[in-house]
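Undergrad: The structure is given below, and queries will be raised subsequently.
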Amino acid sequence: MMSEIPVKKKRQCQPGPPLPANPEDHVCFPGVVLCLVEKRMGASRRAFLTALARRKGFCVEGANSERVTHVVSEGNSGEEVVEWMKRNGSRSVGAAGSGPALLDLSWFTESMSAGQPVEIKARHCLTVTVHEETLQGRCQVAAYACQRHTPLAHKNQQLTVTRLNLILEGSQGALEAMAEESLFCGSEGRSLAFSRAASVLKSLPWTVRSLKDLSSLPGIGEHSRRIIQEVLEDGASAEVENVRQSERYQTMKHFTKIFGVGVKTAGRWYQEGLRTISDLQAHHAKLNNAQQAGLLHYRDLNSPVTCSEAEAIVQVVQKAVEQFLHGASVMLTGGFRRGKQTGHDVDLLITHPTEGQEVGLLSKVISWLDSQGFLLYHSTYRNTLQALEDEELSVSAATMDRFDRCFSIFRLSSMTWEHDCELNGSGGAHCRKAVRVDLVVTPYSQFPFALLGWTGSKNFERDLRRFCKREKKMVLNSHTLYHTEKKIFLSAASEEEIFQHLGLDFIPPEQRNA
Ligand code: UTP
Ligand code: MN
């Protein structure tokens with residue numbers, strides 16, 4: 001169990017011969033595991049490039065294992081790489097949702113000079129011709145996101161990258177815009193349907209080229225199908241474009257990006273004729289404390305939080321926690337645990353191996369952080385289902401955890417953030433940034449459930465709970481797993497054990513980007 005709560009993320013890379021071991025302490029990009037194809041590259045150049053990548057903090061494996069996310073080759077065709085992968089690894093190639101991205105060396109060299117994995121673009125991807133029979137075989141896409149592998153760089157970037165591939169990205173974006181619009185209209189069911197369709201597309205290890213390709217996919221409803229068709233045929237959907245350009249959608253999006261403002265409040269303001277942030281100020285819109293803080297820090301809170309900023313916050317919280325409870329640990333969850341390079345906030349779980357020791361810890365930690373000037377805003381909820389002032393703080397009472405938790409806005413200053421300030425070349429005094437942080441304290445026995453619940457993605461969590469209820473007659477939340485027929489709670493010492501209870505293959509965090 002302790003192995004689940006390292007303070008610092010470490011990955012163990014197990015290289016196959018003849019490559020030397022990956023230095024364990026030096027992996028900066030969890031969720032990115034490279035494999036270099038020796039064919040045409042040659043053994044010595046491969047060894048050189050491997051060493052280079054590792055020096056820059058990349059994890060490089062010697063063979064095509066389950067963990068590999070990026071296969072890099074030089075001068076090979078897509079088919080040749082697929083062949084090579086079949087011969088050089090344990091993983092079956094082309095199983096639904098499980099294949100890595102097949103990339104040209106250009107992606108590698110650009111990433112090396114950027115010092116981090118660059119975004120995969122069409123020009124980096126190798127072409128693989130998909131034969132009719134593979135088309136049939138590939139259609140076994142599981143119905144629930146918790147049964148599928150969904151990597152961050154999804155597989156439509158991997159195959160034939162023509163206009164069609166870009167179009168598919170377009171249709172996924174289109175579906176997500178429709179999901180958002182439906183939420184703004186209060187149609188939760190409709191929103192879910194669009195989100196699910198988008199999530200299925202993200203998990204595909206192949207490119208959708210025509211409507212026929214959708215026929216055997218689960219979770220693509222009539223409306224989503226219509227939108228995908230429009231995008232496939234015309235390059236865009238008129239319906240989605242109308243939504244995107246509508247004053248209502250744009251205003252709602254603008255308002256809901258204010259911390260503490262949910263769909264209800266944004267909708268009310270829209271009804272009252274308010275359209276901009278200055279309108280809110282001019283009309284003295286009634287704002288609660290969270291919303292005032294949200295408005296004050298609007299720009300910072302809507303600029304992405306980086307990995308190093310998140311790490312800096314982990315350090316500060318770890319320091320605070322250690323002062324009051326020796327041996328307590330702080331774990332970074334949410335999107336960062338899934339390998340995202342940026343996020344909208346920092347989600348932290350705090351626990352202690354002796355159950356009960358964690359009681360009362362949060363308030364001490366918050367007081368200390370506040371006294372040190374780290375907090376711009378905080379609001380704590382003590383182990384209760386107590387409703388939040390606005391529906392935003394993003395979850396309804398029904399799904400709300402019962403942990404001690406704190407919604408906060410941290411002030412990252414030059415002191416906590418020196419490294420980046422130097423990199424940016426900006427003076428310490430200007431080096432301040434407001435960052436949203438959620439702190440959650442969990443009893444040790446509930447930690448694996450909390451970890452699974454807080455790692456996300458939201459689509460993954462939703463499907464996991466739906467799967468439990470419908471297929472297993474169980475109820476899963478961030479505290480427990482309960483069997484409704486046997487009327488027993490199933491305990492677990494790790495995420496893996498929870499998956500075992502559910503009869504599901506373990507899906508690693510970096511494959512939960514549904
Ligand atoms: P986030 O909203 O922080 O999303 O919730 P994220 O995946 O980390 O993405 P970004 O980068 O910040 O935008 C993280 C997970 O925590 C769960 C959500 O369901 C999600 O899976 N969560 C969030 C809760 O369980 N309870 C909450 O009150 C909030
Ligand atoms: Mn998050």
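Every number here is computed from the coordinates shown, using simple stated rules; none is lab data. In this text, all values refer to a predicted model and were calculated from it rather than measured experimentally. We place every Cβ from the backbone using ideal geometry, glycine too, and count neighbours over all the protein chains shown.
Undergrad: Full-extension gain between LYS319 and HIS283, please, as 0.36 nm times their residue separation minus the C-alpha to C-alpha distance. Spell out each step's value before the answer.
TA: Values: separation 36, 0.36 × 36 = 12.96 nm, distance 4.30 nm.
Going from the current span to full extension adds 8.7 nm.
Undergrad: Just want the answer: with Cβ charges of +1 for Lys and Arg and -1 for Asp and Glu, which residue in GLY453, VAL435, PHE467 is farthest toward the dipole's positive end in the stretch 428-471?
TA: Sorting the options by dipole projection puts first VAL435.
Undergrad: Now a separate question. Which distance in nm do the two modelled labels at SER494 and TYR298 give, with both placed 7 Å along the Cα-to-Cβ direction?
TA: Here the modelled spin labels are 4.8 nm apart.
Undergrad: Please go through the stretch 209-298 and write out the GluC sites (Glu not before Pro) that DSSP classes as loop and that have at most 13 other C-beta atoms within 10 Å.
TA: Hits after loop and neighbour filter: GLU272.
Undergrad: Still on this structure: Figure the gain on full extension for SER445 and LYS39 (residue separation times 0.36 nm, minus the Cα-Cα span) and round it to one decimal in nm.
TA: On the way: separation 406, 0.36 × 406 = 146.16 nm, distance 4.88 nm.
Roughly 141.3 nm would be gained on extension.
Undergrad: Residues of the stretch 291-318 with the amide nitrogen closer than 18 Å to a label point 7 Å from the Cα of GLU272, along Cα-to-Cβ, please.
TA: Under 18 Å, as judged by backbone N against the label point of GLU272, lie 291-296 of the stretch 291-318.
Undergrad: Taking the simple approach of a point 7 Å from Cα along Cα-to-Cβ for both GLU80 and THR380, what is their distance in nm?
TA: Placing both labels 7 Å beyond Cα along the Cβ direction yields 6.2 nm.
Undergrad: Could you pull out the pairs from LYS340/LYS458; LYS56/LYS340; LYS319/LYS458; LYS121/LYS253 whose alpha carbons sit more than 20 Å apart here? Could the numbers behind the result be given before it?
TA: Values: LYS340/LYS458 14 Å; LYS56/LYS340 18 Å; LYS319/LYS458 30 Å; LYS121/LYS253 27 Å.
With Cα atoms farther than 20 Å apart: LYS319/LYS458; LYS121/LYS253.
Undergrad: What FRET efficiency, computed as 1/(1 + (r/R0)^6) with R0 = 41 Å and r the Cβ-Cβ distance, is obtained for LYS264 and ALA51, rounded to the nearest 0.05?
TA: Numbers: r = 55 Å, r/R0 = 1.35.
According to the calculation, E is roughly 0.15.
Undergrad: In nm, give the distance between the simple-model label positions of HIS326 and THR484, each being 7 Å from the Cα along the Cα-to-Cβ direction.
TA: 4.7 nm
Undergrad: Dipole size in debye (nearest 20) for the stretch 422-514 around its Cα centre, Lys and Arg Cβ +1, Asp and Glu Cβ -1? Could you put the intermediate results ahead of the total?
TA: Values: 14 positive and 11 negative charges, 109 e Å.
Dipole about the Cα centre, nearest 20: 520 debye.
Undergrad: PRE reach from ASN242 (point 7 Å along Cα→Cβ): which of the stretch 178-204 fall under 13 Å by backbone N?
TA: Within reach of a label on ASN242: no residues.
Undergrad: First measure r as the distance between the Cβ atoms of GLU311 and ASP370, then evaluate 1/(1 + (r/R0)^6) with R0 = 30 Å and state the FRET efficiency to the nearest 0.05. Each step should come with its number before you reach the end.
TA: Numbers: r = 21 Å, r/R0 = 0.72.
Here the calculated transfer efficiency is 0.90.
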